[in-house]
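A.B. asks: One structure coming up, written as structure tokens, with questions to follow.
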Amino acid sequence: MDMHIGILGSGLMGSKLGTIFARAGHDVVFSYSHSERKLQRLAREVGGHARAGTPREAAANADAVLLAVHWSRVDDVLAQAGNLSGKVLVSCSLPMNDANTELVLAHTSSGAEALSRKVPGCRVVAAFGTIPSEVLFGVFEARGRKSARPSLVYFGDDAEAKDVAARLIRDVGFDPEDAGPLRMARFAEPFALLVAQLAYETGGSPALAYRFERLEERE
Ligand SMILES: NC(=O)c1ccc[n+]([C@@H]2O[C@H](COP(=O)([O-])OP(=O)(O)OC[C@H]3O[C@@H](n4cnc5c(N)ncnc54)[C@H](OP(=O)(O)O)[C@@H]3O)[C@@H](O)[C@H]2O)c1
């Protein structure tokens with residue numbers, strides 16, 4: 001069954017993930033940009049399965065809502081989205097400071113856990129925050145090939161919501177790696193900064209993904 005997906009934040013992550021979800025057959029509503037024209041253009045470029053809307057419209061009939069805004073915009077976009085109780089909220093948002101240099105929450109909490117407290121009754125799953133946006137289209141294009149898919153960790157406290165997220169992760173072309181409850185974000189959010197360091201600061205291509213391998217144990 002194809003899903004209705006609302007995109008809250010149509011920047012680097014939201015525009016690419018929304019485009020891929022639509023290409024995978026889901027109905028997508030792009031929302032939350034400074035430019036209404038940008039949202040319209042995004043929807044037009046994707047074609048039949050996408051449209052532009054307000055955050056409230058994006059969330060209204062959504063089977064899953066993607067949160068893809070800077071940490072400083074989370075409260076604003078959630079207020080605009082309205083009641084998210086019972087919804088599956090997939091978040092790639094990291095709790096970064098304004099300069100994007102530091103996590104403002106870590107070790108004893110995490111962005112994913114803080115987000116979950118902001119939206120009581122909403123089923124939060126953290127996913128897509130541990131890879132750079134630059135890799136998304138490449139992973140999607142490679143998804144039918146025989147080579148092993150890159151991994152993508154996801155975590156949350158609601159089993160059904162995690163199944164929805166895992167499906168979206170597979171649709172993008174990753175191998176979903178269930179990393180457990182939402183509190184695992186305490187480990188994964190710093191890991192995301194390590195991935196960003198490798199993607200952007202080492203001189204190689206930023207289109208970077210990772211893969212976990214389980215090998216036979218040997219004595
Ligand atoms: N970029 C990555 O590779 C990456 C990777 C992993 C995790 N993340 C996390 O994912 C989240 C999104 O990152 P991103 O790079 O996609 O951010 P981004 O490119 O800055 O996109 C943010 C979106 O929010 C919109 N927005 C910001 N302020 C607004 C306002 N006042 N009113 C209306 N719309 C507003 C932007 O509008 P415009 O369309 O007008 O710009 C844009 O559509 C962040 O929490 C980040 O830490 C990013």
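A.B. asks: Inspect all residues belonging to the range 47-69 and state whether any of them is in a loop (DSSP other than H, G, I, E, B), touching an Asp or Glu at 6+ places or on another chain (Cβ under 6 Å), under 21 Å from TYR154 (Cα atoms) and of a type outside the set (Gly, Ala, Ser). Don't jump to the end; show me each part of the working.
C.D. replies: Step one: of the range 47-69, the residues in a loop (DSSP other than H, G, I, E, B) are 47-49, 53-54, 61-63, 68-69.
Going one step further and asking which of them are touching an Asp or Glu at 6+ places or on another chain (Cβ under 6 Å), we end up with 49.
If we keep only those that are under 21 Å from TYR154 (Cα atoms) too, we end up with none.
There is no residue in the range 47-69 that is in a loop (DSSP other than H, G, I, E, B), touching an Asp or Glu at 6+ places or on another chain (Cβ under 6 Å), under 21 Å from TYR154 (Cα atoms) and of a type outside the set (Gly, Ala, Ser).
A.B. asks: Please state which one of PHE140, PHE155 is away from the ligand (no atom under 12 Å from the Cβ), assigned to a strand (DSSP E or B) and open to solvent by less than 30 Å² (accessible area, probe 1.4 Å).
C.D. replies: Values: PHE140 fails: assigned to a strand (DSSP E or B).
Unique residue meeting the criteria: PHE155.
A.B. asks: Which residues, taken from the range 158-186, are touching a strand residue (DSSP E or B) at 6+ places or on another chain (Cβ under 9 Å), assigned to a helix (DSSP H, G or I) and either crowded, with 19+ Cβ neighbours inside 10 Å or among the hydrophobic types (A, V, I, L, M, F, W, C) (or both)?
C.D. replies: Correct list: ALA161, LYS162, VAL164, ALA165, ALA166, LEU168, ILE169, VAL172, LEU182, MET184, ALA185.
A.B. asks: Shifting gears a bit: Taking the range 30-47 only, how many residues are more than 19 Å from PHE137 (Cα to Cα), touching a helix residue (DSSP H, G or I) at 6+ places or on another chain (Cβ under 8 Å) and open to solvent by 10 Å² or more (accessible area, probe 1.4 Å)?
C.D. replies: Residues flagged as more than 19 Å from PHE137 (Cα to Cα), touching a helix residue (DSSP H, G or I) at 6+ places or on another chain (Cβ under 8 Å) and open to solvent by 10 Å² or more (accessible area, probe 1.4 Å) within the range 30-47 amount to 2.
A.B. asks: Is the range 8-21 home to any residue that is part of a helix (DSSP H, G or I), near the ligand (Cβ under 10 Å from one of its atoms) and open to solvent by 60 Å² or more (accessible area, probe 1.4 Å)?
C.D. replies: The answer is yes; a qualifying residue exists.
A.B. asks: How many of the residues making up the range 121-137 are within 13 Å of the ligand (Cβ to nearest atom) and not small (Gly, Ala, Ser)? Lay out the reasoning, then the answer.
C.D. replies: Applying the first criterion (within 13 Å of the ligand (Cβ to nearest atom)) to the range 121-137 yields 126-137.
Those still in the list that are not small (Gly, Ala, Ser) too: 128, 130-132, 134-137.
Result for the range 121-137: 8.
A.B. asks: Still on this structure, I have one more. Quick test of your reading of the structure: VAL119 fulfils all but one of (1) in contact with a Leu (Cβ under 7 Å, 6 or more places away or on another chain); (2) surrounded by 24 or more Cβ atoms within 10 Å (Cβ to Cβ). Name the failing condition by number.
C.D. replies: Looking at each condition in turn, VAL119 falls short on (2).
A.B. asks: Starting from the range 1-14, take each residue that is within 8 Å of TYR32 (Cα to Cα) and list its partners that are of a type outside the set (Phe, Trp, Tyr) and in a loop (DSSP other than H, G, I, E, B), counting only C-beta distances under 6 angstrom and pairs at least six apart or across chains.
C.D. replies: Listed by first residue and then by second, the contacts come to GLY9/ALA68; GLY9/VAL69; SER10/SER33.
A.B. asks: Mind listing whichever residues of the range 63-79 are of a type outside the set (A, V, I, L, M) and either within 12 Å of the ligand (Cβ to nearest atom) or crowded, with 22+ Cβ neighbours inside 10 Å (or both)?
C.D. replies: Taking the range 63-79 and keeping what is of a type outside the set (A, V, I, L, M), we get 63, 70-73, 75-76.
Once the filter is applied, which keeps residues that are of a type outside the set (A, V, I, L, M) and either within 12 Å of the ligand (Cβ to nearest atom) or crowded, with 22+ Cβ neighbours inside 10 Å (or both), the range 63-79 yields HIS70, TRP71, SER72, ARG73, ASP75, ASP76.
A.B. asks: Go through (1) open to solvent by 40 Å² or more (accessible area, probe 1.4 Å); (2) charged (D, E, K, R); (3) in contact (Cβ under 8 Å) with a residue 24 or more places away in the chain for GLU189 and report which single condition fails.
C.D. replies: (1)
The values are calculated or read from the model by the stated rules, or taken from the named source; none is laboratory data. In this text, all values refer to a predicted model and were calculated from it rather than measured experimentally. Positions of Cβ are generated from backbone atoms using ideal geometry, with glycine treated the same way; all protein chains shown enter the neighbour counts. We work out accessible area using only protein heavy atoms, side chains counted, and drop any ligands, DNA or RNA first. Shrake-Rupley method; radii C 1.70, N 1.55, O 1.52, S 1.80 Å.
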